[in-house]
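A quick write-up on the structure given underneath.
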Amino acid sequence: MPAIHRLTAADVPRLRQFWRDRWDAEFVVAHETVFHPENVSGFIALDGNEWIGLVAYSFSDTDCEIVSLDALRENEGIGTTLIEKVIEEAKANQCRRVHLTTTNDNLRALGFYQKRGFQLCALRVNAMEETRKLKPEIPLIGENGIPLRDEIELEMML
Ligand SMILES: CC(C)(COP(=O)(O)OP(=O)(O)OC[C@H]1O[C@@H](n2cnc3c(N)ncnc32)[C@H](O)[C@@H]1OP(=O)(O)O)[C@@H](O)C(=O)NCCC(=O)NCCS
């Protein structure tokens, strides 16, 4: 398993670049909310100095929201480890649920989260039309050649 480090203020410039590389902009948009690197918490999976995975999350009342999750080397357990760290952290902060937004094209993420105890809890049809106003870089066709249209929210009650 890789070393897992907590994201610190010193990591913000690198997070900005990481999100640019992975998600086409230095901020993340979900449910019409913009998340900036300086306002999220996170864990980094490291191989030496190299970032091979990252989860960013944010607390709001008794909710813990996963803002982004990336494993740069897939099927090695990095995504699972990072999710487990966030759940542990949410419990330590007395959260009642962990939730996240993904999109209709991301079949791998939909499978990944459901296999790890998350349940679908909301569908925002055509939400990407609004999201594109904030982030025009978002393509019309997403993963697996699927039109990228809808936001799907998943949650885990703690
Ligand atoms: C979704 C994502 C985070 C999953 O991360 P991952 O590190 O590949 O996930 P894991 O390796 O923990 O688990 C994936 C599979 O690998 C298998 N696996 C885990 N460790 C393994 C190992 N050491 N050897 C072989 N297989 C392994 C698991 O069994 C799992 O299969 P399952 O889901 O059928 O149970 C990753 O695919 C990703 O970064 N996708 C792009 C970004 C994205 O879509 N993020 C989510 C949007 S919110």
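The values are calculated or read from the model by the stated rules, or taken from the named source; none is laboratory data. Source: prediction; values computed, not measured. Every residue, glycine as well, gets a Cβ built from its backbone with ideal geometry; the counts of neighbours run over all protein chains shown. Just the protein is used for accessible areas: all its heavy atoms, side chains included, with ligands, DNA and RNA removed. Shrake-Rupley method; radii C 1.70, N 1.55, O 1.52, S 1.80 Å.
Annotations for the structure displayed:
- Distances between placed amide hydrogens fall under 5 Å for Asp47 paired with Ile52, all partners being 5 or more residues away or on another chain.
- Per residue, the chain exposes 53 Å² of accessible surface when a 1.4 Å probe is rolled over the protein heavy atoms with every protein chain present.
- As a calculated quantity, the FRET efficiency between Arg97 and Thr8 at R0 = 30 Å, using C-beta atoms, amounts to about 0.70.
- The phi torsions of segment 107-113, fed into the Karplus equation with coefficients 6.51, -1.76 and 1.60 and a -60° offset, translate into couplings of 4, 5, 5, 4, x, 4, 5 Hz, rounded to whole numbers, with Gly and Pro shown as x.
- Surface composition of the chain: carbon and sulfur atoms hold 47% of the protein heavy-atom accessible area at a 1.4 Å probe.
- For segment 1-72, diffusion coefficient by Stokes-Einstein and Kirkwood Rh (Cα), 37 °C, 0.692 mPa s, µm²/s: 264 µm²/s
- Peptide packing: for 63-70, 27-34, the average count of neighbouring Cβ atoms within 10 Å per residue gives the ranking 63-70, 27-34, highest mean first.
- Debye equation applied to the C-alpha atoms of segment 76-146, log10 I(q)/I(0) at 0.21, 0.23, 0.27 Å⁻¹: -1.05, -1.12, -1.23
- R0 of 22 Å, Cβ-Cβ distance Lys133-Arg20: FRET efficiency to nearest 0.05: 0.70
- The Kirkwood hydrodynamic radius of the chain, based on inverse pair distances between different Cα atoms, is 15.9 Å.
- Calculated FRET efficiency, Asp47 to Val125, Cβ-Cβ distance, R0 = 30 Å: about 0.15 to the nearest 0.05.
- Gained length - Asp63 relative to Thr33, 0.36 nm times residue gap less alpha-carbon distance: 9.3 nm
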